[in-house]
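Remarks on the structure that follows.
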Amino acid sequence: MRMDRLAFTSKLKGEDPLEKLFYTVLTLFVCIWADNLLISCMVIIVNIFLSYFKGGLPLSSILKTFKAPLTFLFLGVITVAFEFGNSPDYLWKMEIFGIYVGFHNASLLKATHLFFKALGAVSCLFFLSLNTPFKDILSALERLKLPRLFLDLSELIYRFIFTLLGTADKIYLAQASRQGYGSFVQSYKSMGLLIASVFTKAYKRSDDVYEALLSRGYEGDLKVLQEEYRSNKMVYPLAILFNLFLIVLKMLMEA
Amino acid sequence: MEPIVKVKGLSYTYPDGTKALNNVGLEIFPSNTIAFLGGNGAGKSTLFKCLNGILKPTCDLYQFQGEEVDYSKKSIAKLRESVGIVFQDPDIQLFSANVYQDISFGPMNMHLTNDEVRARVERAMKATGVEELKDRPTHFLSHGQKKRVAIAGVLAMEPKLIILDEPTAGLDPKGVSELLNILKTLKEELNMVILIATHDIDIVPLYADYCYVMDEGKLVFSGSPEEIFKEPERIRSLSLRLPRIAHLMEILKKEDGLDIEGMPSTISEARKEILKNEKRD
């Protein structure tokens, strides 16, 4: 939600979304393919740098968006770092039912690699979503000839998530103001009622939305005027150059 | 003068058997503002949906600008271009996350050139004062702003007749006055026929040239605001009330014996009548 708000303040908002999508996807794949600590770190830094200097977003907001995936990544990576077995080179170990559990150099390294690879990939997606409103991503996908139905549905879902959440919020308040969340059992009951009524309301509303669309001449396609974006011809060569550099770097390090 | 809308014997029954409209007949003349009054469930919204072609009623006659509407696919498409509805809840009407694109939706469906659509969107945004909201996402707008964008979305189709369902509902005083200014622009500069359903009785004598009062799916009463408010008993029996000013004048006349002609229901009319009495004393 906050990311969505930030995207509207980014200075890169008016840039052609196809260019941003191209850079994001290319870098994402190279980052995953390279599976290299240095390259992952470079990708992360470049993406933060782009959002900060080119997008003009506050650094604290950019870093804050990384908080959520960091927690998940950290928890996920811990399970990778731990090894079972009787290998002698444990840095730290404990014995459970005669089997050693702990981590050693190789497993720690593997976990760190994985951690930064995933974070690098996430940073690519964050660059895109912090600097491109969702609607613009859809219009880029439209130019890539994705099916109309899929795009129209995504647009409606995106638009009405906010109304759905708003409705849920109002019902929650109405329930809470009457002690609906007073006890544990009561909370369960109230939450059930809330979910049920949000969905019946959404169903009723979808009928109303359909009628409103009809009244403006809807014929099955959400036809709207496409926005005109600023186009920077340098983005494609620069994105390719940057990724070639990463690939060469990877090759050199392997050699 | 030829009426722009002529309806005779229009009835509509919902699939569940509720009879929402019963033998409605009306005539609407060019450059008029018509108020539709009536309690909740009187059938106002259903009537509007029939006029725009969302619902298909049975009727003896529906003429729009002298042309018969037969609810065929072609005539419905034409109807939707000529009759625009602004729904009560703007959250229902605004489907796009982008203000500009939402406004362009109606004219795009009319198969116009992109340049023509762009020009229409610009004009509609100017008339409703939403130019500065152009780049904002729909879901971060206030209720009043959403309402104005919804009006712009209908206005961009440049309909002959615009219907506003409860346009002032849920707006703060500033929002109401902005909306009424838009109504004035539509009426005076764009010369549009405006239909409003409203519970806000106080705006009726200010903006409406003619009123229809509905009850239980029927048109029960019609006339100019002066004619309608001259019959307070009848108005009250239909779960409506007089405008506050008219109510005050009614009391001054009955209880305090002021000599008041007709039923003044706007501030300026009431002022004139009170000053007239003052001079006489």
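The values are calculated or read from the model by the stated rules, or taken from the named source; none is laboratory data. Not measured: the values here are computed from a predicted model. All Cβ positions, glycine included, derive from the backbone under ideal geometry; neighbour counts span all protein chains shown. The area values use the complete protein model at the heavy-atom level, side chains included, leaving out ligands, DNA and RNA. Shrake-Rupley method; radii C 1.70, N 1.55, O 1.52, S 1.80 Å.
Brief remarks follow.
- Any hit, region A:126-141, residues being hydroxyl-bearing (Ser, Thr, Tyr) and within 12 Å of another protein chain (Cβ to nearest Cβ): yes
- Restricting region B:51-65 to residues that are more than 10 Å from chain A (Cβ to nearest Cβ) and part of a loop (DSSP other than H, G, I, E, B), the residue that is farthest from B:His143 (Cα to Cα): B:Asp60
- In this structure, B:Ser45 does not satisfy being small (Gly, Ala, Ser) and either more than 12 Å from every other protein chain (Cβ to nearest Cβ) or over 28 Å from B:Ser239 (Cα atoms) (or both).
- B:Glu68 meets all of the listed conditions (1) away from every other protein chain (no Cβ under 13 Å); (2) of a type outside the set (S, T, N, Q); (3) open to solvent by less than 20 Å² (accessible area, probe 1.4 Å) but one, namely (3).
- Positions within region A:152-173 being crowded, with 16+ Cβ neighbours inside 10 Å and closer than 18 Å to B:Val99 by Cα, in sequence order: A:Asp152, A:Ser154, A:Glu155, A:Leu156, A:Tyr158, A:Arg159, A:Phe160, A:Phe162, A:Thr163
- Lone qualifier among A:Lys110, A:Lys135 - being in the same structural domain as A:Ile32 (by TED's automatic domain parsing), open to solvent by 70 Å² or more (accessible area, probe 1.4 Å) and without any contact (Cβ under 8 Å) to a residue 40 or more places away in the chain: A:Lys110
- Any hit, region A:13-21, residues being in contact with a Lys or Arg (Cβ under 7 Å, 6 or more places away or on another chain), away from chain B (no Cβ under 14 Å) and in a helix (DSSP H, G or I): yes
- Within region A:50-82, if we keep just the residues that are in contact with a Phe, Trp or Tyr (Cβ under 9 Å, 6 or more places away or on another chain), part of a loop (DSSP other than H, G, I, E, B) and hydrophobic (A, V, I, L, M, F, W, C), the residue that is most open to solvent (accessible area, probe 1.4 Å) turns out to be A:Phe82.
- Qualifying residue in region A:210-221 (condition: part of a loop (DSSP other than H, G, I, E, B), open to solvent by less than 30 Å² (accessible area, probe 1.4 Å), touching a residue at least 40 places away in the same chain (Cβ under 8 Å) and under 30 Å from B:Val83 (Cβ atoms)): no
- If the condition is being of a type outside the set (A, V, I, L, M) and in a helix (DSSP H, G or I), then region A:222-239 contributes A:Tyr236, A:Pro237.
- Residues that are under 13 Å from A:Lys54 (Cβ atoms), open to solvent by less than 70 Å² (accessible area, probe 1.4 Å) and more than 24 Å from the chain's Cα centre (by Cα), drawn from region A:229-255: A:Asn232
- Each residue in region B:159-206 was checked for being within 18 Å of B:Phe29 (Cβ to Cβ) and of a type in the set (D, E, K, R), and 3 pass.
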